[in-house]
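Here's the structure we're looking at; comments come further down.
The values are calculated or read from the model by the stated rules, or taken from the named source; none is laboratory data. For clarity, every value in this text was computed on a predicted model and none was experimentally measured. Cβ: placed from backbone, ideal geometry, glycine included. Neighbour counts: every protein chain shown.
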Amino acid sequence: MPRRKKGAILPIEYDILTAGLDSQSTTGSFYGFALAQTLAEGGHALTAHGTLYKALSRMTEAGLLTAEWEDPSSAESAGRPRRRLYTVTGAGILALSRRPVAAPATSTKTAQA
Amino acid sequence: MTPVERAQGRVLRWVDRYSKGLPLPVAEERRAELESDLHEHAVARRDELSPSALAREIRGRSLRGIPADLAWRDREMRRFRAARLTTMTPSELRATSRLQHLLYIAAGVLAVPGFVVAVRIAITTNVGTPGHAPGHYGEPTQAVPVFVAVGVALAAVAFLINTSTRAFGVIALSISALMLNWFVFTSLSSVSYQLSMALVWPFRTFHLPSIAVYGYFLPGPLLVVAFALILGRIHRIERNPAQPDEAGAEQ
């Protein structure tokens, strides 16, 4: 598998930043499956587990997102496992604003991967 | 158990498998995130899809993500090993170094005689001699795969030097060993015969099928097993002693 350039942002990561910003403007944060649903809007398949969580993990390490586990009591009262809640950081917003113009706004291929 | 529950169980077993050997917090975090995803997925889609279609969708998401899962594991494992090197005891460092040198020696043992044999095959030709048929022993082109196997053994050394690519080095060594086993022994039947005789001597089984099996097929696979054992031993030493063997599988 080819190594990516340090600091390079993949199309799916731009898509995550875009979808994440949309979600957090209404709910304050977003979690994995909700993000997969947003990325799948328009009839695409849900993003694969590995693709989604690998990207989220890398973006968190790169400082584009922050992640924290939901309060256990909220999850317990809702009768579901705890969600890992993500928010797009200032660095993420800056990276999105510097997205190369040539790249498409939404990559259908990455959403299907 | 419903089809959805079976699919969820399979996904979580796969998570346990690819996160095995990683630091426990990393493995636990990945499992918890997938548990949440699987739950949310089932809740969100249960009214839209039949149980079997939902199970298929869950399995599909998991299957399509396998390359990314393995790439994630590889990245986490490299990071863990790099950190582990700073906490190893002197005896662990010595043991790792010895095993690493064994792999270098193996690469040399494959590359040097392999090169000599390749040159010998290349310059010893029976072409034009009475009874020679095209494609039989004595064609200089038979040296090409042997040279390739030597090149693979040398490439293995380059991979072995770096901890993060060591497993690739062992794979390259194994390929080289199998190639040399096959191409050298089929080109030099006398070598194969002598080795076979040495191997069967303790068993006193001097019949031709045994000689053919031992001589032609056994040395390469034996080396592959030896390389895998050495790599496994290095990995066991490098694994954090405080970490259980089945990381993440006990939740």
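A count restricted to segment B:43-63 and to residues that are of a type in the set (Asp, Glu) and more than 12 Å from chain A (Cβ to nearest Cβ) stands at 1.
Every condition in (1) more than 8 Å from chain B (Cβ to nearest Cβ); (2) in contact with a helix residue (DSSP H, G or I) (Cβ under 8 Å, 6 or more places away or on another chain) holds for A:Pro81 except the one numbered (1). If I filter segment B:45-54 for residues that are within 24 Å of A:Arg58 (Cα to Cα), charged (D, E, K, R) and either in contact (Cβ under 8 Å) with a residue 40 or more places away in the chain or assigned to a helix (DSSP H, G or I) (or both), do I get at least one hit? No, the conditions are met nowhere in segment B:45-54. Scanning segment A:48-62 for residues that are assigned to a loop (DSSP other than H, G, I, E, B) and modelled with pLDDT of 95 or more turns up just one, A:Ala48. If the condition is being outside any helix (DSSP H, G or I), surrounded by fewer than 16 Cβ atoms within 10 Å (Cβ to Cβ) and in contact (Cβ under 8 Å) with a residue 12 or more places away in the chain, then segment A:11-41 contributes A:Gly28, A:Ala40. Of all the criteria given as (1) crowded, with 17+ Cβ neighbours inside 10 Å; (2) at the interface with chain A (Cβ under 8 Å from one of its Cβ atoms); (3) farther than 18 Å from A:Tyr31 by Cβ; (4) of a type in the set (Val, Ile, Thr), the one not satisfied by B:Ile66 is (1). The set of residues from segment A:46-82 being closer than 16 Å to A:Pro11 by Cβ and small (Gly, Ala, Ser) comprises A:Ala48, A:Ala55, A:Ala62.
Only one of the numbered conditions (1) within 11 Å of chain A (Cβ to nearest Cβ); (2) out of contact with any Phe, Trp or Tyr (no Cβ under 8 Å at 6 or more places or on another chain) is violated by B:Arg73, and that is (2). State whether the residues of segment B:7-14 include one that is touching a Lys or Arg at 6+ places or on another chain (Cβ under 9 Å) and not in a helix (DSSP H, G or I). Within segment B:7-14, none of the residues are touching a Lys or Arg at 6+ places or on another chain (Cβ under 9 Å) and not in a helix (DSSP H, G or I). Checked against (1) more than 16 Å from B:Asp69 (Cα to Cα); (2) within 9 Å of chain B (Cβ to nearest Cβ); (3) over 11 Å from the mean Cα position of the chain (by Cα), A:His49 meets all criteria but (1).
Considering segment B:15-42, the residues that are away from every other protein chain (no Cβ under 12 Å), of a type in the set (D, E, K, R) and part of a helix (DSSP H, G or I) include one that is surrounded by the fewest Cβ atoms within 10 Å (Cβ to Cβ), namely B:Arg17.
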